[in-house]
Amino acid sequence: MVVVFCGHSNYISNIQDEVNILNILKLEVGDAPCDIFLGGYGNFDDFAFRCAKKFKQGHPNVKLIWITPYLASQRTTFEKTDFDSIIYPCLEHVPPRYAISHRNKWMIEQADVVICFVSHRYGGANAMYVGAKHKNKKIYNLGSLK
């Protein structure tokens with residue numbers, strides 16, 4: 001199973017969203033093997049990483065995987081050692097300004113479950129949400145769309 005997170009970079013975390021995410025992970029993953037794909041470029045990504053790390057503590061079959069859009073190091077809020085592995089999708093022919101959106105599309109293709117916080121209909125998080133809906137992925141949106 002692959003769980004993907006996506007959300008707005010200006011997201012403000014709260015305890016209820018953490019409780020909701022942990023409950024979703026318990027429901028969807030339980031003790032089964034699972035790869036959790038994380039992006040690492042914004043407030044929601046930071047929050048999702050903290051939740052996924054907390055869930056992993058009691059679930060040894062869970063792997064935290066950073067999906068990087070760049071071959072060369074770019075700024076991210078994570079340390080590479082925070083992850084069980086790092087995946088670089090084949091994006092070397094994509095111009096750098098489009099690497100994140102292409103990486104996001106790749107993540108949605110791989111996903112079984114998408115946990116997101118999308119509260120407005122623009123930006124990269126919304127594009128991932130729309131892509132997940134189009135692909136009939138199982139989606140949990142913690143935000144309310146306007």
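For the reader, a short list of remarks on this structure follows.
- Residue check for Ile12: among the β-branched types (Val, Ile, Thr) and touching a strand residue (DSSP E or B) at 6+ places or on another chain (Cβ under 8 Å): no
- Selection from segment 26-37 of residues that are outside any loop (DSSP other than H, G, I, E, B), out of contact with any strand residue (DSSP E or B) (no Cβ under 7 Å at 6 or more places or on another chain) and open to solvent by less than 60 Å² (accessible area, probe 1.4 Å): none
- Screening segment 38-143 for strands (runs of 3 or more DSSP E) wholly inside it with 3 or more residues that are open to solvent by 30 Å² or more (accessible area, probe 1.4 Å) returns the ranges 85-87, 138-141.
- When restricted to residues that are over 12 Å from Gly143 (Cβ atoms), touching a residue at least 24 places away in the same chain (Cβ under 8 Å) and either of a type in the set (Lys, Arg) or open to solvent by 50 Å² or more (accessible area, probe 1.4 Å) (or both), segment 9-18 contains 2.
- Among the candidates Ile36, Ile108, Ile65, Ile21, the residue that is in contact with a Ser or Thr (Cβ under 7 Å, 6 or more places away or on another chain) and under 24 Å from Asn136 (Cα atoms) is uniquely Ile65.
- Residue check for Lys146: modelled with pLDDT of 95 or more, outside any strand (DSSP E or B) and either open to solvent by 60 Å² or more (accessible area, probe 1.4 Å) or not aliphatic (A, V, I, L, M) (or both): no
- Taking residues in segment 128-139 that are in contact (Cβ under 8 Å) with a residue 12 or more places away in the chain, and partners anywhere that are part of a loop (DSSP other than H, G, I, E, B), the pairs with Cβ atoms closer than 7 Å and at least 6 places apart or on different chains are Tyr129/Val118; Ala132/Ala111; Lys137/Ala111; Lys138/Asp112.
The values are calculated or read from the model by the stated rules, or taken from the named source; none is laboratory data. Bear in mind that the values here come from a model prediction, so they are computed numbers and not experimental data. Cβ: placed from backbone, ideal geometry, glycine included. Neighbour counts: every protein chain shown. With ligands, DNA and RNA removed, areas are computed over all heavy atoms of the protein, side chains included. Shrake-Rupley method; radii C 1.70, N 1.55, O 1.52, S 1.80 Å.
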